Amino acid sequence: MKRPLCPVALVITAIVFIYLRISLTDFYKIPDFKDGETGFITGVVTRKEARPGPSGDSLNIIYVVPQNISIGKMKYIMCSLKEGEVYVPSVGEHVKIRGKFTSFKEVRNPGEFDSRLYYATLKIAFKLNNAEVTESDRSEDVLREKLYSLKMLLEQNLDLNPVLAESDAAVLKAMILGDKAFMDDDIKDMYKNSGIMHILAVSGLHISIIGMGIYRALRKCKLSPFIYTIVPIVVMYLYGEMCGIGSSSFRAICMFVIRLLAPLLGRTYDILSGLAVAEILLILDCPLYLYNSGFLFSFCAVIGVTVVRPSMEKLFEKRKSGKLKFSGDEDTVRFRLYLKIHSGILLGLSIMISTLPIYVLFYYTYPLFSLISNMIIVPLVSILMIAGILCLIAPGLPGILPGILAHGILIFYKTVCCVQTVIPGNMLYIGHAGPVKIACYCVAVGISLSGLLGKNVRAKYLRRMLLAASIIFLIYTPKPGLMISALYVGQGDGIVIEDGRERILIDGGSSSEKKVGKYSIIPYLKYRGIGRIDAAVVTHEDKDHISGLLEIMDDMEKGGIRIKRLILPDVSDASRGENYRELETRAQSIGIPVSYISVGEEITIGKSSFLCINPNMNMTTEGANAYSTVLLMKRGSFKALFTGDVEQEGQENIKKIISDNTALFEDITLLKVAHHGSKYTTDEEFLSLIKPKIALISCGENNTYGHPHDEVIERLENIGSKIYRTDESGAVIFRIKNDGIEAEFFRSKETG
């Protein structure tokens with residue numbers, strides 16, 4: 001059988017995938033402890049790294065294989081040592097460490113980064129923060145400790161280069177040494193949003209430059225085949241150990257080893273067989289790699305180059321015209337340029353086709369112009385790598401010339417990325433797709449690229465149409481009739497309402513979760529394929545309702561999710577505080593129209609209307625809660641009341657309006673309970689007027705305010721409301737249909 005390892009790899013992958021579907025939760029079992037509890041572990045230090053700490057000092061991280069506790073299928077505990085002058089153990093040292101146990105954060109919203117799963121793929125069970133070594137045997141793994149010291153020396157050489165900016169040094173550390181810890185988040189986002197994040201991964205490019213460079217140089221020295229084969233393999237192994245062997249670097253080094261050993265053993269190297277060997281070794285060592293985006297992206301990109309591209313070339317080969325050609329016709333500059341562009345486009349499309357499932361599984365967006373930017377940027381990566389390596393080994397003045405070259409290329413990269421991200425329509429918001437849809441896509445693409453449908457002209461057109469239809473099928477997401485999502489934002493509010501292709505965001509902030517916009521709200525919007533918010537309503541100016549919204553505005557300025565209109569409560573100047581003014585100013589600075597709403601005014605989104613019943617125009621209050629915007633939503637027979645943090649005077653206003661318009665407020669289906677379930681609002685009189693069937697409470701888990709208060713829960717239960725709480729269920733999503741409401745928690749589902 002030709003390439004027997006490929007079907008073996010597919011069978012093993014299928015078995016591992018089924019095994020994970022059955023027993024994934026087994027990987028999360030860790031010792032019983034409370035977050036923040038101080039404890040001890042004893043074990044062996046296997047590796048370490050340095051990161052910038054919160055205060056600006058270097059923060060040392062060590063990874064310990066524990067001996068006094070069991071961590072199941074995991075292997076390491078990540079220990080963040082105290083900042084300042086503390087003892088940093090060597091790799092291989094047996095230590096006893098004291099610190100605060102910290103588990104990885106559980107995902108509470110669709111689309112959020114799953115840190116538990118990510119660290120599980122690295123075999124890390126939990127963290128020990130603010131740790132210190134209390135006992136040590138002072139032993140050492142000499143090789144790995146020296147490799148770590150060499151890495152720190154090389155990073156220092158980059159920092160001391162007189163030409164390189166701090167951001168330049170950080171990018172080169174990531175590219176050459178696999179250390180992304182010092183990269184600014186804005187730079188990471190810029191590379192990611194431009195579709196060139198792959199150039200920062202230690203992978204095949206590094207092997208071709210460093211490993212194959214050594215191999216070819218030794219061959220020219222006319223050494224024995226054994227020497228010029230083994231030496232590059234040893235060097236690349238040590239290089240991988242120094243950088244920290246990840247899935248992409250292991251895959252590249254494994255294929256490099258097979259590539260060099262094949263002729264030495266009298267065999268022919270086959271790239272797909274090498275890829276199969278690397279995949280088998282990785283998933284047998286850590287089955288959870290099948291849930292790792294870096295692992296999947298690395299392998300799918302290679303498949304795109306080696307399998308999809310040749311098929312694409314045959315599918316889109318130019319028909320021979322029969323026109324008489326003369327000698328030299330194909331040697332013109334124009335023709336050679338055409339061939340390069342044609343080849344570059346086919347390569348980019350091939351990689352896109354093979355990696356598109358990874359985007360819909362993990363990223364939910366696709367940078368449309370990444371094909372062009374990669375054609376511009378990738379040819380310069382080899383030059384940048386060589387310049388960066390020279391900067392590593394030539395500190396100070398000798399590093400000026402390569403530093404100038406590297407600095408110039410990185411400025412050019414930044415310019416290309418900035419131009420790309422500001423082009424309207426650059427980012428395609430494709431949303432999430434499930435495994436069944438992805439499987440159908442893969443089957444359809446396989447049929448279109450194979451010869452199953454024939455190879456004549458008509459068959460080729462049919463195959464091209466099938467390929468295009470497959471891509472459209474994967475990236476198209478039907479929009480819901482009406483969907484209301486109450487996100488878990490900790491102690492705060494964040495409600496996304498989708499009515500067909502129009503969306504409204506009511507509040508977005510938190511007082512307990514850091515960067516809730518970046519890490520919770522924006523990921524959910526991307527997960528849903530939402531690249532535009534038609535209206536963002538701010539009920540009032542407290543930080544727990546606006547902090548995330550400000551982050552969405554920052555993202556919009558960088559070419560991210562767009563807000564078409566900001567709606568603020570129309571209150572008196574005396575009631576507009578500092579946060580209110582900040583929102584106005586920030587929105588106006590990036591071109592978001594600002595409008596104001598008060599009692600009697602209405603917003604229309606899709607087929608839904610939102611009637612404002614608080615605040616009164618030019619209302620003056622002592623606190624922001626009282627003037628909270630309260631909206632009555634209507635769509636057919638469905639009614640919902642969104643109350644912000646309304647209390648005191650505002651609560652009396654809405655009770656009066658409801659009493660005067662009882663027919664309008666009959667049959668309220670959904671109530672967003674005011675002020676996170678505070679006992680000072682949502683009183684018995686108010687509830688007796690509206691009698692909501694469902695009560696939604698947005699509050700933080702174990703919050704310091706004790707929300708929701710027992711008194712409010714009792715009042716809601718007394719009128720027969722079904723209560724949903726984000727602190728208990730994570731995100732709560734309501735799908736409104738003709739025959740009722742379906743309430744979906746992030747991890748379970750229930751019909752009401």
Identify, by number, the condition in (1) out of contact with any Leu (no Cβ under 8 Å at 6 or more places or on another chain); (2) farther than 30 Å from Ala731 by Cβ; (3) crowded, with 18+ Cβ neighbours inside 10 Å that Val133 doesn't meet.
-> (1)
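So is Arg259 part of a helix (DSSP H, G or I), among the basic types (Lys, Arg), at negative phi and surrounded by fewer than 16 Cβ atoms within 10 Å (Cβ to Cβ) or not? Quick ask: steps written out before the conclusion?
On the way: part of a helix (DSSP H, G or I): yes; among the basic types (Lys, Arg): yes; at negative phi: yes; surrounded by fewer than 16 Cβ atoms within 10 Å (Cβ to Cβ): no.
Criteria not met by Arg259.
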Are any residues in region 580-604 in contact (Cβ under 8 Å) with a residue 40 or more places away in the chain and surrounded by fewer than 19 Cβ atoms within 10 Å (Cβ to Cβ), and if so, which ones?
-> Val599
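Could you tell me which residue of region 430-468 is surrounded by the fewest Cβ atoms within 10 Å (Cβ to Cβ), considering only residues that are of a type in the set (Val, Ile, Thr) and over 16 Å from Glu313 (Cα atoms)?
Quick first cut of region 430-468, residues of a type in the set (Val, Ile, Thr) only: 430, 436, 438, 443, 445, 447, 457.
Adding the requirement that they be over 16 Å from Glu313 (Cα atoms) leaves 430, 436, 438, 443.
Values: Ile430: 20, Val436: 8, Ile438: 16, Val443: 11.
For region 430-468, the residue satisfying everything is Val436.
Regarding Leu24, is this residue in a strand (DSSP E or B) and either among the hydrophobic types (A, V, I, L, M, F, W, C) or without any contact (Cβ under 8 Å) to a residue 40 or more places away in the chain (or both)? Before the answer, list the steps.
Details: in a strand (DSSP E or B): no; either among the hydrophobic types (A, V, I, L, M, F, W, C) or without any contact (Cβ under 8 Å) to a residue 40 or more places away in the chain (or both): yes.
Spelling it out, it is not the case that Leu24 is in a strand (DSSP E or B) and either among the hydrophobic types (A, V, I, L, M, F, W, C) or without any contact (Cβ under 8 Å) to a residue 40 or more places away in the chain (or both).
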Number of the condition not met by Ile97 [criteria: (1) at positive phi; (2) buried (at least 20 other Cβ atoms within 10 Å of the Cβ)] | (1)
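Select from region 547-567 the residues that are charged (D, E, K, R) and either under 16 Å from Phe642 (Cα atoms) or buried (at least 21 other Cβ atoms within 10 Å of the Cβ) (or both) and list them in ascending order.
At the first step, the residues of region 547-567 found to be charged (D, E, K, R) are 551, 554-555, 557-558, 562, 564-565.
Correct list: Glu551 only.
Does at least one position in region 322-342 carry a residue that is at pLDDT below 90, aromatic (Phe, Trp, Tyr) and assigned to a helix (DSSP H, G or I)? Show your work before the answer.
Pass one, region 322-342, residues at pLDDT below 90: 322-342.
The next check asks that each one be aromatic (Phe, Trp, Tyr); those that pass are 326, 335, 338.
Checking the rest, the ones that are also assigned to a helix (DSSP H, G or I) come to 335, 338.
Within region 322-342, one or more residues are at pLDDT below 90, aromatic (Phe, Trp, Tyr) and assigned to a helix (DSSP H, G or I).
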Quick one: which strands (runs of 3 or more DSSP E) lie wholly within region 471-574 and hold at least 3 residues that are closer than 24 Å to Gly431 by Cβ?
-> 483-486, 495-499, 502-506, 535-537
Is it the case that region 537-546 has a residue that's surrounded by fewer than 21 Cβ atoms within 10 Å (Cβ to Cβ), of a type in the set (Ser, Thr, Tyr) and closer than 30 Å to Thr704 by Cα?
-> no
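Mind listing just one residue for me: the one in region 226-256 that is out of contact with any helix residue (DSSP H, G or I) (no Cβ under 8 Å at 6 or more places or on another chain) and not in a loop (DSSP other than H, G, I, E, B) and, of those, surrounded by the most Cβ atoms within 10 Å (Cβ to Cβ)? Can you show your working first?
First pass over region 226-256, keeping only residues out of contact with any helix residue (DSSP H, G or I) (no Cβ under 8 Å at 6 or more places or on another chain): 230, 234, 244.
Narrowing the set further to residues that are not in a loop (DSSP other than H, G, I, E, B) leaves 230, 234.
Numbers: Ile230: 15, Val234: 11.
The selected residue is Ile230.
Within region 108-141, how many residues turn out to be within 29 Å of the chain's Cα centre (by Cα) and among the β-branched types (Val, Ile, Thr)?
Kept after step one, since they are within 29 Å of the chain's Cα centre (by Cα), are these residues of region 108-141: 108-131.
After this cut, where a residue has to be among the β-branched types (Val, Ile, Thr) as well, the list is 121, 124.
The number of residues fulfilling the criteria is 2.
Which residue, of Val11, Val86, Val64, is among the β-branched types (Val, Ile, Thr) and at pLDDT below 90? Break it down into steps so the answer makes sense when it comes.
Values: Val11 fails: at pLDDT below 90; Val64 fails: at pLDDT below 90.
Only one candidate qualifies: Val86.
Could you list, in sequence order, the residues of region 396-413 that are in contact with a helix residue (DSSP H, G or I) (Cβ under 7 Å, 6 or more places away or on another chain) and over 13 Å from Leu172 (Cβ atoms)? Walk me through it before giving the result.
Of the residues in region 396-413, the ones in contact with a helix residue (DSSP H, G or I) (Cβ under 7 Å, 6 or more places away or on another chain) are 396, 399, 402-403, 405-407, 409-410, 413.
Answer for region 396-413, where residues must be in contact with a helix residue (DSSP H, G or I) (Cβ under 7 Å, 6 or more places away or on another chain) and over 13 Å from Leu172 (Cβ atoms): just Gly396.
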Filtered residues of region 197-225 (kept if hydrophobic (A, V, I, L, M, F, W, C), crowded, with 19+ Cβ neighbours inside 10 Å and assigned to a loop (DSSP other than H, G, I, E, B)) | Ala201, Val202
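Considering Gly56, Gly36, which residue is closer than 28 Å to Asp185 by Cα, free of Cβ contacts under 8 Å to residues at least 60 places away in the same chain and exposed (fewer than 13 other Cβ atoms within 10 Å of the Cβ)? Walk me through how you get there before you give the answer.
Details: Gly36 fails: free of Cβ contacts under 8 Å to residues at least 60 places away in the same chain.
Result: Gly56 is the single residue among Gly56, Gly36 that is closer than 28 Å to Asp185 by Cα, free of Cβ contacts under 8 Å to residues at least 60 places away in the same chain and exposed (fewer than 13 other Cβ atoms within 10 Å of the Cβ).
The values are calculated or read from the model by the stated rules, or taken from the named source; none is laboratory data. These numbers come from a predicted model, not from an experiment. Don't worry about glycine lacking a Cβ; one is built from the backbone with ideal geometry, like all the others, and counts go over all protein chains shown.
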